[in-house]
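Engineer: Could you have a look at this structure, given as structure tokens, before my questions?
The values are calculated or read from the model by the stated rules, or taken from the named source; none is laboratory data. Since we're looking at a predicted model, the values are computed, not measured. Methodologically, a virtual Cβ is constructed for each residue, glycine included, from the backbone with ideal geometry; neighbour enumeration extends over all protein chains shown. In case anyone asks, the SASA skips ligands and DNA or RNA and just uses the protein heavy atoms, side chains included. Shrake-Rupley method; radii C 1.70, N 1.55, O 1.52, S 1.80 Å.
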Amino acid sequence: MRRQATVRWIGAGVAALLALVLAASGLLAPADAWLLRHLGAHTYLYDAPWLAAMLAGLFWLLRPRTARRGRLAGVLWAAGPLLLAAAAAWAGRRGWPPLPTTAAILLVALLRRLRLRRFPELEPLAGLQRAAGQALGSADALPCSLVRLQLRGAKDRRLPLADIVRTLKARARRGDDRVARGGRDGFVLWLAHTDADAALAVACEIRADLAPLLTRHALHCSMGVATEAVPGTRFEQLWQRAAPPAP
């Protein structure tokens, strides 16, 4: 978890630096001046490359729970400064968003979207654990099930994360279902309002979906399933019961 947070912060720093360089480089200054002159604006609403860097870094740190929210967040982060400046320009015809700053934020939004498509993000395990703990304490939320997957292969073989995550998220169809990373080569699927038979069926479907991927990448998958229908069980107990068998 600490390593994932470090990678996120490093990515935010790189995104902020990229936006700062683009906004301060002056590459788009001629087009910017042309727009300012022909749109009847007298000044910029803001003209600070550091603001582009800050917005780009904040956008990169955003962790949407689903890809759909990620796309929406990307559009809002990228278009927000432009829409704000356009509203001010329409109200007083005095301000215009500087093109370099807006282009920098749009570039980071595009890179973020490509990263989400290539490496889909998973919910932190701590978030899944909190939601599961709340569900296990309420009789109205039960039964619930936990599916744990452990993928093993050659030590130098990299897991096809994008394909694995898409497969798991396809089985987490409801709003309370969650998918998280459970260790270096492990994945966790939380199924809300799912009894033992339904959870076992989902596990079988996941194994069937992953079969071509496992064959192609020479991977071995072991799975464990645990279900709880009585309130009061701790998440740690369910976690242990769902431990995948050793190969």
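Quick grid of which residues meet (1) open to solvent by 80 Å² or more (accessible area, probe 1.4 Å); (2) at pLDDT 80 or above; (3) closer than 23 Å to residue 124 by Cα; (4) in a helix (DSSP H, G or I):
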site	(1), (2), (3), (4)
3	yes, no, yes, yes
10	yes, yes, yes, yes
13	no, yes, yes, yes
16	no, yes, no, yes
47	yes, no, no, no
51	no, no, no, yes
72	yes, no, yes, yes
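Engineer: Taking the stated definitions as given, is residue 142 farther than 23 Å from residue 129 by Cβ, touching a residue at least 60 places away in the same chain (Cβ under 8 Å) and buried (at least 17 other Cβ atoms within 10 Å of the Cβ)?
Structural biologist: Criteria not met by residue 142.
Engineer: While we're looking at this one, here's another question. Determine if the stretch 134-153 includes at least one residue that is in a loop (DSSP other than H, G, I, E, B), at pLDDT below 85 and touching a Leu at 6+ places or on another chain (Cβ under 9 Å).
Structural biologist: yes
Engineer: Let me ask something else about it. Is there any pair linking a residue in the stretch 206-225 that is open to solvent by less than 20 Å² (accessible area, probe 1.4 Å) to one that is among the β-branched types (Val, Ile, Thr) and at pLDDT below 90, with Cβ under 8 Å and at least six apart or on different chains, and which?
Structural biologist: 206/167; 210/164; 210/167; 213/164; 213/167
Engineer: Turning to a different aspect of this structure: Out of all the residues in the stretch 177-197, which are closer than 14 Å to residue 128 by Cα and exposed (fewer than 15 other Cβ atoms within 10 Å of the Cβ)?
Structural biologist: Once the filter is applied, which keeps residues that are closer than 14 Å to residue 128 by Cα and exposed (fewer than 15 other Cβ atoms within 10 Å of the Cβ), the stretch 177-197 yields only 183.
Engineer: While we're looking at this one, here's another question. When the stretch 18-45 is examined, which residues are found to be part of a loop (DSSP other than H, G, I, E, B), at pLDDT 75 or above and surrounded by 14 or more Cβ atoms within 10 Å (Cβ to Cβ)?
Structural biologist: 27, 28
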